[in-house]
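The structure appears right after this line, and notes come after that.
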Amino acid sequence: MGSLGSSIDEQVIDDQIQARLQLFSESPCGRENDIPFFVANTTKVVQQHQRWTHALPHIHPFYAVKCNPDKRLLQLLADMGVNFDCASLAEIEQVLEMGVDPSRIIFAHPCKAPSALDIAARRGVRRTTFDNADELDKIQRISPGMELLLRIYVQDHGAKVALGTKFGAPMEVTQALLEKARRAGLKIIGVSFHIGSGASDPNAFVTAVQDAKRVFEDGKALGFNMHMLDIGGGFEDSNFETMAYPLRKAIIREFPSSVTLIAEPGRFYASGFYTMVCQVIARRTQAGTMNSTLPDMLYLNDGLYGCFSMGWSENGIFVPTLVVPRGKSSTVSREWTPHRYSIWGPTCDSIDCISKEVVMDQEVKVGDWLKFQDMGGKPFHSPPDFWRSDCLLDGEIIFELILHLIAYTISASSRFNGFPNTYAIILLE
Ligand code: PLP
């Protein structure tokens with residue numbers, strides 16, 4: 001289903017990219033050329049939700065806002081009945097400001113700042129996670145009425161981001177935590193886990209469900225009303241069903257249908273939301289140098305210090321396709337044979353390498369634009385002052401500049417070296 005949907009959308013996305021490039025062709029040295037842009041595709045999000053409800057019909061998704069806090073994405077998800085996993089006060093306030101009821105939020109961070117816990121509780125958020133004894137003391141002191149999920153340690157060792165290195169109570173300490181909570185008069189209602197972001201081993205889910213069952217039984221034996229299982233996130237577009245079906249079977253085997261099932265998917269919903277387009281600002285050919293066996297080098301207007309921060313955290317592999325502006329292909333002479341390139345960001349830092357080697361099916365030149373798919377992430381506030389209003393598209397396209405801290409694609413974004421972390425977004429509806 002995913003591939004059929006994406007091939008239909010692809011044409012529409014390419015049309016929007018072409019419309020934007022036409023605006024640039026008038027002024028090749030304009031500063032607006034320095035700004036990479038995104039095409040945001042809401043239909044992809046709707047498709048993902050359909051896949052979710054088909055494969056995991058009894059598990060209510062709480063979208064992990066950290067993955068991409070774009071207000072239009074959040075509104076679309078809210079309208080489809082998706083709830084929210086917030087990990088900070090700012091995320092909670094953003095979701096509440098949309099008019100979402102606090103009962104639709106889980107404060108899914110096992111190690112919270114006291115102030116965040118206090119304000120969240122006063123704003124009506126009732127559920128949170130914990131994984132250590134000190135957090136229980138904090139909760140008892142600040143918001144003893146909260147409903148708690150004990151986050152247990154699980155790990156898909158092949159996951160792109162191994163969250164188990166930071167969070168999750170090992171099984172050896174869960175009993176002691178349950179007993180401590182009991183003595184403190186706190187309310188544990190269930191168990192949560194996260195097998196790691198960008199996971200690929202369905203057995204990690206199966207093991208996690210079995211461990212969660214043990215903690216459920218231990219909690220019930222201590223008198224807790226254990227009725228909620230939160231299976232976290234970790235799903236990707238490419239392997240969603242492969243991961244989902246063994247998980248579903250394990251849950252049916254281990255848990256009665258009376259247990260409320262929730263999840264915290266992020267990347268699965270958000271990654272396909274954005275296609276990103278960057279310009280080639282410089283090129284270095286290696287022919288005739290001592291590096292002649294190395295790929296030629298392309299330098300883009302964004303890199304590891306910007307939206308490609310996944311390159312640091314996840315060894316992300318970014319393979320672009322060349323966008324040839326319509327009408328231009330016949331006038332620009334280029335070689336139509338495969339070319340090897342390494343791709344670099346704009347900074348003076350040599351770590352700033354987006355891809356060590358990609359093979360493009362044709363030559364790429366300075367001034368060309370490269371398209372990167374599945375870059376679901378989101379940029380910052382207020383347009384830069386040099387952005388010209390005559391660069392805005394009208395009609396069906398809502399074109400906006402938003403600057404706002406994002407996750408996954410811009411979580412490590414910075415202004416290092418004086419390059420602005422500024423992006424443009426074209427919304428497709
Ligand atoms: N829930 C928690 C607590 C997380 O830390 C994360 C990601 O870091 C997510 C959900 C979202 O995970 P994913 O994007 O892999 O679905």
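Assorted remarks:
- Linear extension gain, LYS187 paired with VAL12, 0.36 nm per residue minus alpha-carbon span: 58.0 nm
- With 0.36 nm allotted per residue and the present C-alpha distance subtracted, the GLN210-ASN225 stretch has 3.5 nm of extension available.
- Which listed pairs, of LYS44/LYS112; LYS44/LYS138; LYS166/LYS249; LYS44/LYS249, have C-alpha distances above 31 Å, in listed order: LYS44/LYS112; LYS44/LYS138
- Largest-first ellipsoid semi-axes for the range 146-193, taking √(5λ) over the Cα gyration tensor eigenvalues, angstrom: 24, 11, 7
- Pairwise label distance in nanometres, GLN75 with GLN286, each label 7 Å out on the Cα-Cβ vector: 4.8
- Amide proton proximity set for LEU300, modelled H, under 5 Å, gap of 5+: ILE281, TRP344, GLY345
- Counting neighbouring beta carbons within 10 Å and listing from fewest to most, the residues GLU10, GLU264, GLU91, GLU217 come out as GLU217, GLU10, GLU91, GLU264.
- Cα gyration tensor shape for the range 131-256, rounded if a/c is under 1.5, else prolate or oblate: prolate
- FRET E, pair MET98, LEU294, Förster distance 56 Å, beta-carbon r, rounded to 0.05: 0.70
- Normalising the average separation of contacting C-alpha pairs (under 8 angstrom, six or more residues apart) by the number of residues puts the relative contact order of the range 88-163 at 27 percent.
- Rounded FRET efficiency, nearest 0.05, which uses the C-beta distance separating THR260 from ASP134 and R0 of 30 Å: 0.65
- Shape category assigned to the range 235-314 from the gyration tensor of Cα positions, a/c cut at 1.5: prolate
- Förster radius 56 Å - calculated FRET efficiency between ILE252 and SER333, Cβ distance, rounded to 0.05: 0.35
Here, each number is a calculation from the coordinates, and none is a lab measurement. Not measured: the values here are computed from a predicted model. When we count neighbours, we look across all protein chains shown, and the Cβ atoms used for this are built from the backbone with ideal geometry, even at glycine.
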